[in-house]
Amino acid sequence: MEQQLYGIFLYGVFLLTMGGIYAVLTLGLNIQWGFTGLFNAGVAGFFAIGAYTTAIVTSAASERHLGGYGLPVAAGLVAAMVASAVIAWGVGRICIRLRADYLAIATLGIAEIFRLVLKNEVWATNGPRGISLIPKPFEHLPEPWNQVGMLLLVFAVVAVLYVLLERARRSPWGRVMAAIRENEAAARAAGKDVERLRIEAFVLGAALMGLGGALMAHHIKFIEPNAAEPVSATFLVWVMLVIGGAANNRGAVFGAILIWTIWSTAEILSARLPPEWAVKSAYLRIFLVGLALQIILQRFPGGIFRERRFRTAPSSSTREQPP
Amino acid sequence: MNAAAHSGSVAPPAPGRGAAPLLELEGLTRRFGGLTAVDRCSFAIEAGRITGMIGPNGAGKTTIFSMVAGALRPSAGRILFDGEDIGGVPTHRLFHRGIVRTFQIPHEFGRLTVLENLMAVPAAQPGERLWPVWLSPRAVARREREVRERAEDALRFLTLWELRDELAMHLSGGQKKLLELGRAMMTSPRLVLLDEPGAGVNPTLLARLREMILELNRERGYTFVVIEHDMDFIASLCERVIVLSQGAVLTEGPMERVRRDPRVLDAYLGGDEENEGATGTGTPAGGDASRAGTAAGRAAGEGHGGALGAGATDPGESPP
Ligand SMILES: Nc1ncnc2c1ncn2[C@@H]1O[C@H](COP(=O)(O)OP(=O)(O)OP(=O)(O)O)[C@@H](O)[C@H]1O
Ligand SMILES: [Mg+2]
């Protein structure tokens, strides 16, 4: 009995840690899509850049891949953000003028190119076999404190990001990003440097995606190119944001934890299926998440948490209908 | 900043070239595929004056505004602002040099509140950068209060105060038009391009709008170019009117003269499309153009047409 409870506790810790890491990714996408209206379909790409960057700078020397710098995890996280940001800046310089749908296609393609590079540049990344033995914070602590420590670290990161991004959202910065999202021509006519501001949002969002990827790499202690598959990273993060509520930071965090719970519960369920069904379980998960998307968006069209705008009168939030 | 403006408003309009043209178009041309929307247009706008721009639908008025505001690139010709060629300068830079335009079709920020729509406009907001937002919130809040006060004043003037917390997407067509003007009121420009500011606006407010334009012109020296289909509105506001037809300047001069120019009447009434008739809503003198009165309401779209526009104007009220 006690064994079982302990198992459930550990599972809960693992679940929440993963949910928190996805929350970092979703907060990043929220800056791009929710605040600014940038359709980035290449979340997986920036995730992978972050994960591989930290893997290379923090892991011990190995003949199989680039690395052996043995830097502390904190340095790895920073390096991951910087690497993703720099690459996002380059991508943004080229693609940011594109209309939303073209930007989606371009970023999707770029992310796939990253994945192929990671798979094929074996000297640096160990190819499809990936990089293992990535250090994990608190791993010298005894069970379960090592797991709990990681959970707390992830949630500390989420909390700091949440506070910073809430401030940003409520500020004139958030307002100008929303103005660009709502009407680009009018924003230009109001003197806003739309290109520069969109690149800023794109880079900041990508930095958070890189951070999410790095946290994931340290948590799992392993990274391989398939982790950057469009379904597990890009698709899932998008569903999390849309369900939670785009342009709402609380929605982004909530959506990440909710959808991750559904996603991984589906995995447990499918493990109990007869083996000949297990192959299909991957599709079952996608089906379940798609179903959740349908049901929730029917009930809450703007996501569970709607965008909140500044109001002078505090009680007017109920007045959502046209006058 | 205001040097050019004040020299213009003081100096009498010299014959030929004005004392200080703030804006000059030289052979400005814009083609869309096979269509020449603006065809070798040349004229000057004197600093410190209110100039009208009229012409039938599709004459190219909005296209000229878009080029001057940097939203469209000219196919040929030059645009000189304050003597400098501004062809190819991006819109947001021109805003900071003092060119402000409003859109004929309202361009509101739909999912921002009405108040936020105006607060988003002013320049020099430190809060539009992230570091001040995170590191010096006090300075940001201070500027934010100023911006908010100014926006609130504008909303009161525009009778949109009650709607300040409403999302702009929920406003009516006319209210969106007012919001469009509100955005122009949030700046201290040198040249204001108003594209049919009165369309869909009720006559009482239209009269106040005219007062406001006259006051801003008189007291702060803003230069205005106003596109309008309501001839009386234009007549009461502008000494000089530029008439466009099929992309070219047909004639220019004081409203009274332009109004009786047979070529102008032809441009409105003739042409192949009957719908183009959009002359003034009743000439006070009851001249030939009054025949177009009924067509005007229709052609002005969401317009304040016929009876509303006329009568709100007293011919004696023309600017000095
Ligand atoms: N982006 C565009 N692409 C193609 N054609 C255009 C474009 N913009 C304008 N035109 C065409 O150019 C011509 C002039 O249009 P414009 O909007 O400047 O007219 P206008 O004088 O403002 O008319 P209105 O009084 O109806 O507003 C029209 O024939 C229009 O169809
Ligand atoms: Mg027009």
Which loop chymotrypsin sites (Phe, Trp or Tyr not before Pro) in segment A:1-77, with loop taken from DSSP, have no more than 12 other Cβ atoms within 10 angstrom of their Cβ?
none
Listed residues A:V57, A:P142, B:P74: farthest to the positive end of the dipole of the protein assembly as shown (Cβ charges):
A:P142
Connecting C-alpha atoms closer than 10 Å in a GNM of chain A, tell me which of A:G303, A:G290, A:G76 has the biggest fluctuation.
A:G290
Dipole magnitude of the protein assembly as shown about its Cα centre (Cβ charges: Lys, Arg +1; Asp, Glu -1), debye to nearest 20
1260
For A:E166 and B:T251, what is the calculated FRET efficiency with R₀ set at 51 Å and r taken between the beta-carbons, to the nearest 0.05?
0.30
To the nearest Å, what is the center-to-center distance of segment A:200-278 and segment B:183-257, using C-alpha atoms only?
55
Straight-line reach from A:K221: which lysines have Cα under 25 Å away, leaving out those fewer than 8 places along the same chain?
A:K119, A:K136
The answer for chain A, counting only DSSP H helices whose Cα atoms cover 20 angstrom or more along the axis and whose Kyte-Doolittle average is 0.5 or greater, is A:2-29, A:43-58, A:73-95, A:100-120, A:145-170, A:194-220, A:249-271, A:281-299
Can you compute the FRET efficiency between B:A124 and A:Q294 using 1/(1 + (r/R0)^6), with r the Cβ-Cβ distance and R0 = 56 Å? Round to the nearest 0.05.
0.75
Over the protein assembly as shown, equivalent-ellipsoid semi-axes from the Cα gyration tensor in Å:
59, 24, 22
Report the gain in length on full extension from A:L141 to A:E63: 0.36 nm times residue separation, minus Cα-Cα distance, nm rounded to one decimal.
25.2 nm
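Which peptide among A:229-236, B:49-56 comes first, and what is the full order, when sorted by highest mean count of other Cβ atoms within 10 Å?
B:49-56, A:229-236
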Using the crude model of +1 on Lys and Arg Cβ and -1 on Asp and Glu Cβ, and no other charge, please compute the dipole size for segment A:2-228 relative to its Cα centre, in debye to 20.
640
Cross-link candidates for A:K280: which aspartates and glutamates have Cα within less than 19 Å, leaving aside residues fewer than 8 places away along the same chain?
A:E229, A:E267
Computed over segment A:2-228, the convex hull of the Cα set has an average projected area, in nm², of 13.2
Using Cα pairs closer than 8 Å and at least 6 residues apart in sequence, work out the relative contact order for segment A:2-228, in percent.
40
Once the dipole of segment A:2-228 is set up from charges on Cβ (+1 Lys and Arg, -1 Asp and Glu), the residue from the list A:L25, A:G70, A:F9 lying farthest towards its positive end is A:L25
Would you mind giving the mean number of other chain beta-carbons within 10 Å of the Cβ of each residue in B:94-102, as a whole number?
2
Pick from A:G90, A:G28, A:G67: which residue has the top mean-square fluctuation in a GNM of chain A where Cα pairs under 10 Å get a spring?
A:G90
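Readers should treat all values here as calculations from the given coordinates under stated rules, not as data from a laboratory. What you are looking at is a predicted structure, and each value in this text was computed from that prediction instead of being measured. No Cβ is skipped: glycine too gets one built from the backbone with ideal geometry, and neighbour counts run over all protein chains shown.
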